[in-house]
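Q: Below is a structure I'd like to ask you about.
The values are calculated or read from the model by the stated rules, or taken from the named source; none is laboratory data. Since the model is a prediction, treat every value here as computed from it, not as a measurement. A quick note on method: Cβ atoms are made from the backbone with ideal geometry, for glycine too, and the neighbour counts reach across all protein chains shown.
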Amino acid sequence: MIERIILARAHDLGGLIVGRVLPTAQRRSIGPFVFLDHMGPAKFEPGAGFDVRPHPHIGLATLTYLFEGEQIHRDSLGTMQPIRPLDVNLMISGRGITHSERATAAMREHGGGMHGLQFWLALPEHEEDCAPSFHHADACDLPLIEDEGFRGRVAVGSCAGKDSPIVFPAPAMLVDLSIDESAEAVIPLEQHEYGVYVADGAVMIDDTLLPARTLAVLERASEVRMRAHEPSRVAVFGGLPLEKPRKMYWNFVATDDARIERAKEDWRDRRFPVIPGDDVEFIPLPET
Ligand code: MN
């Protein structure tokens, strides 16, 4: 059932420690998912806050899902959207978007925790240059899958006949699953590529115990069966495999190197659209 196990590696994003789960040398994608950072858990003192300054994306959708904390998303479409625990943000960059993610004023003033997941999904090749768009769902709008000992929220796509209001333009699914100690959860899958990421706790798949901050890449199957050794939080995600591998450089994803080179020049020469109200600061293109 498990094809491979991947451990999150710690990265310092300037004050916020993240666990980088995808990509790795051994595994570049799971369905359309090409990137996963486990953000925190972190505590911010009053007055500290955090700022991911304006930066560009092409060829992907960013998917943000918080367990704790809150932040403000702003983008060059003029969107200004707070995201709170168990809300979903899906930003489709298409041919190009600029966004920032900053602590809310309340979080900056009073401090607080931050814990969540950020995924990137590669857009289908024929959608890489589509118009950018932004999609938000409140936690209360996500359908639930419940059975004895577990509760799942369908954050993206469809699972067990329940449809999230957040739809990606290719078959893709994300379910946020809470499993009680000693309980078993069974989640139906399509015959695509899926991973199970243990954000918290420890779960058993077949005879393999997966501790927190571990990703199990699954073999193709019609379901995944997980037993929790302690109260656990897992993300089950995946979908239709990419038809072609993707090139990735910094915040850019494309099927074609030339497209990435053009995006680098466009960001360096300030040709990306700016964010209304957040157009002063920016993250420069990395030199290497
Ligand atoms: Mn970003």
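Q: Tally up the residues in the stretch 168-197 that are of a type in the set (Val, Ile, Thr) and over 14 Å from the mean Cα position of the chain (by Cα), please.
A: First, the residues of the stretch 168-197 that are of a type in the set (Val, Ile, Thr): 175, 179, 186-187, 196.
Then keep just the ones that are over 14 Å from the mean Cα position of the chain (by Cα); that gives 179, 186-187.
Looking only at that region, the number is 3.
Q: I would also like to ask the following. Can you name the residue in the stretch 256-288 that is of a type in the set (Lys, Arg) and in a loop (DSSP other than H, G, I, E, B) and is also surrounded by the fewest Cβ atoms within 10 Å (Cβ to Cβ) among such residues?
A: Within the stretch 256-288, the match that is surrounded by the fewest Cβ atoms within 10 Å (Cβ to Cβ) is Arg270.
Q: Also, quick follow-up: Within the group Val234, Val253, which residue is closer than 24 Å to Leu86 by Cα, surrounded by 22 or more Cβ atoms within 10 Å (Cβ to Cβ) and aliphatic (A, V, I, L, M)? Walk me through it before giving the result.
A: Values: Val253 fails: closer than 24 Å to Leu86 by Cα.
Sole residue among the options that is closer than 24 Å to Leu86 by Cα, surrounded by 22 or more Cβ atoms within 10 Å (Cβ to Cβ) and aliphatic (A, V, I, L, M): Val234.
Q: If I filter the stretch 31-54 for residues that are modelled with pLDDT of 95 or more, more than 24 Å from Ile275 (Cβ to Cβ), under 17 Å from the mean Cα position of the chain (by Cα) and not in a strand (DSSP E or B), do I get at least one hit?
A: Yes, there is a match, as at least one residue in the stretch 31-54 is modelled with pLDDT of 95 or more, more than 24 Å from Ile275 (Cβ to Cβ), under 17 Å from the mean Cα position of the chain (by Cα) and not in a strand (DSSP E or B).
Q: Can you tell me which residues in the stretch 174-225 are more than 20 Å from Arg151 (Cβ to Cβ) and surrounded by fewer than 16 Cβ atoms within 10 Å (Cβ to Cβ)?
A: Gln191, Asp206, Asp207, Thr208, Leu209, Pro211, Glu219, Arg220, Ala221, Ser222
Q: Test of understanding: among Ala160, Ala199, Ala183, which residue is at pLDDT 95 or above, within 9 Å of Ala228 (Cβ to Cβ) and not β-branched (Val, Ile, Thr)?
A: Ala183
Q: To continue, here is another question. Out of the stretch 56-72, which residues are on the phi > 0 side of the Ramachandran plot and more than 15 Å from the ligand (Cβ to nearest atom)?
A: The answer is Gly69, and nothing else.
Q: Among Ala235, Ala131, Ala137, which is among the hydrophobic types (A, V, I, L, M, F, W, C) and over 18 Å from the mean Cα position of the chain (by Cα)?
A: Within the list Ala235, Ala131, Ala137, the selection yields Ala131.
Q: Can you pull out the strands (runs of 3 or more DSSP E) entirely within the stretch 73-160 that have at least 2 residues that are within 16 Å of the ligand (Cβ to nearest atom) and surrounded by 21 or more Cβ atoms within 10 Å (Cβ to Cβ)?
A: 88-92, 97-103, 112-122
Q: Only one of (1) touching a residue at least 60 places away in the same chain (Cβ under 8 Å); (2) under 24 Å from Gln81 (Cα atoms); (3) in a strand (DSSP E or B) fails for Tyr197. Which number is that?
A: The single condition Tyr197 does not satisfy is (2).
Q: Just the residues that are within 16 Å of the ligand (Cβ to nearest atom) and surrounded by fewer than 19 Cβ atoms within 10 Å (Cβ to Cβ), please, taken from the stretch 237-250.
A: Tyr249, Trp250
Q: Go through Ile58, Ile145, Ile97 for me and flag whichever is under 19 Å from Ile283 (Cβ atoms) and out of contact with any helix residue (DSSP H, G or I) (no Cβ under 8 Å at 6 or more places or on another chain).
A: Going through Ile58, Ile145, Ile97 in turn, the sole match is Ile97.
Q: What tally of residues in the stretch 217-255 results from selecting those that are part of a loop (DSSP other than H, G, I, E, B) and not aliphatic (A, V, I, L, M)?
A: Taking the stretch 217-255 first, the residues part of a loop (DSSP other than H, G, I, E, B) are 219-222, 229-231, 240-246, 250-251, 255.
Restricting the remaining residues to those that are not aliphatic (A, V, I, L, M) gives 219-220, 222, 229-231, 241, 243-246, 250-251, 255.
Total meeting the criteria: 14.
Q: Which of the residues that make up the stretch 211-233 are touching a strand residue (DSSP E or B) at 6+ places or on another chain (Cβ under 6 Å) and among the polar types (S, T, N, Q)?
A: Scanning the stretch 211-233 gives Thr214, Ser232.
Q: Restricting the search to the stretch 31-80, which residues are under 14 Å from Leu13 (Cα atoms) and of a type in the set (Asp, Glu)?
A: Asp37, Asp51
Q: Now a separate question. Could you grab me the full set of residues in the stretch 180-194 that are charged (D, E, K, R) and in a loop (DSSP other than H, G, I, E, B)?
A: Quick first cut of the stretch 180-194, residues charged (D, E, K, R) only: 180-181, 184, 190, 193.
Result: Asp180, Glu181, Glu190.
Q: For the stretch 25-41, state whether one or more residues are touching a helix residue (DSSP H, G or I) at 6+ places or on another chain (Cβ under 6 Å) and surrounded by 21 or more Cβ atoms within 10 Å (Cβ to Cβ).
A: So in the stretch 25-41, the residues touching a helix residue (DSSP H, G or I) at 6+ places or on another chain (Cβ under 6 Å) come out as none.
No: zero hits.
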